Amino acid sequence: MPSKSISELLPELGQIETIVAHGKNFLSSEVLCRINIDRQTVPVYAISLGSTAKDAPCIAFAGGIHGIERIGTKVVIAFLETLIERLQWDIALETILDKVRIIFLPLLNPAGMSQNTRANGQGVDLMRNAPVDSDERVVWLAGGHRISARLPWYRGDINKGMEIESQSLCNFVSRAMFTAPFSLVLDCHSGFGLHDRIWFPYAKSRLQPMQHIGEVYRLRELFFETYPHQNYLFEPQSKHYLTHGDIWDYLYDKSLDQACTFLPLTLEMGSWRWIRKNPLQLFNLGGLYHPIKPHRVKRVLRGHQVLMDFLVRATLSYKNWLPGGRSPSMDKQARELWYHG
């Protein structure tokens, strides 16, 4: 049987390249790195819409850092396609893009996605690959380990530094987002729980809240007040499990040395709900992370657009909902909600 082509293995990459080719009048793109797949090299793209001013607030939507979680990539692409269509007629969106920069990182692990694996082509889990070690007790293996690439959740060889995908992402975020006074990330994942969750750092500690815990709490309140009928759980990742090597922990800590507010969030889509509705997905590895039925895929793709649009607007208007300096009262409320005071 002949091997599959890149276009067959990665139809999402074809979507991305079509968008890049046809959208040159209103977007910019760059290749963060190139990854070898079956003796071919494929690009990892960053696509930007909106302001090019270094001091413009900025938001990034990321997906596909775990290759098997295709639905995250599809959610990011769907939102990008929606914005491009709206640009044909939506004057309000044009006004927003004059003042804010929106970045799309839709497919960060093409080798993993082509092989239907969580890890990259070297067997490294990119979300366990950053040079961050938890001082607390993490889940054995799943929290990250350096035993062997044959086991899942492998962190990589400590002497080799970060993988090219991880390092390229970190370099890009540091260069493109840390110059903004305010920036958000929404990294789209699937594979945990019955509910859709919005997670924030830290993944490395249950005891140490992030420095901007008050700002995250205010963002949560703003979202819940604006959309009181939403169905997300908004919580620290550490509520459920701890890990070594989380890339957003690493980048958040790096941002603290800059004159900026950088808030990385993770959208963890509750894939167990899809399995409950269609138990046959258990017999398909991808079914643990991705809805199989076409109508459920469509429901997921449209279901998160309200959240994503809200985050764009919150980024644009950050001065209207964030205090000018540290807010002890917000910090206190956040600690009481998430860290029991």
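Structure data summary
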quantity	calculated
Residue in region 228-246 that is within 24 Å of L126 (Cβ to Cβ), at pLDDT 95 or above, assigned to a loop (DSSP other than H, G, I, E, B) and more than 19 Å from the chain's Cα centre (by Cα) present	no
Filter result (among the β-branched types (V, I, T) and either in a loop (DSSP other than H, G, I, E, B) or crowded, with 22+ Cβ neighbours inside 10 Å (or both)) within region 159-199	V173, T179, V185
Selected residue (only one of V132, V139 is surrounded by fewer than 16 Cβ atoms within 10 Å (Cβ to Cβ), part of a loop (DSSP other than H, G, I, E, B) and of a type in the set (A, V, I, L, M))	V139
When residues of region 49-87 are limited to those that are in contact with a helix residue (DSSP H, G or I) (Cβ under 8 Å, 6 or more places away or on another chain) and surrounded by fewer than 18 Cβ atoms within 10 Å (Cβ to Cβ), the one nearest to E165 (Cα to Cα)	E81
Flag if L93 is without any contact (Cβ under 8 Å) to a residue 24 or more places away in the chain, in a helix (DSSP H, G or I) and not aromatic (F, W, Y)	yes
Complete set of residues in region 102-129 that are farther than 30 Å from F310 by Cα and either among the hydroxyl-bearing types (S, T, Y) or part of a strand (DSSP E or B) (or both)	S114, T117
Region 16-39, subset farther than 21 Å from L126 by Cα and part of a strand (DSSP E or B), residue nearest to the chain's Cα centre (by Cα)	S29
Region 29-55 residues that are within 25 Å of R313 (Cβ to Cβ) and without any contact (Cβ under 8 Å) to a residue 24 or more places away in the chain, paired with ones that are part of a strand (DSSP E or B) and of a type in the set (G, A, S) (beta carbon under 9 Å, 6 or more apart)	S29/A46; S29/S48
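The values are calculated or read from the model by the stated rules, or taken from the named source; none is laboratory data. Note that this is a predicted model, so its numbers are computed, not measured. So basically every Cβ, Gly included, is an ideal-geometry build from the backbone, and we count neighbours across all protein chains shown.
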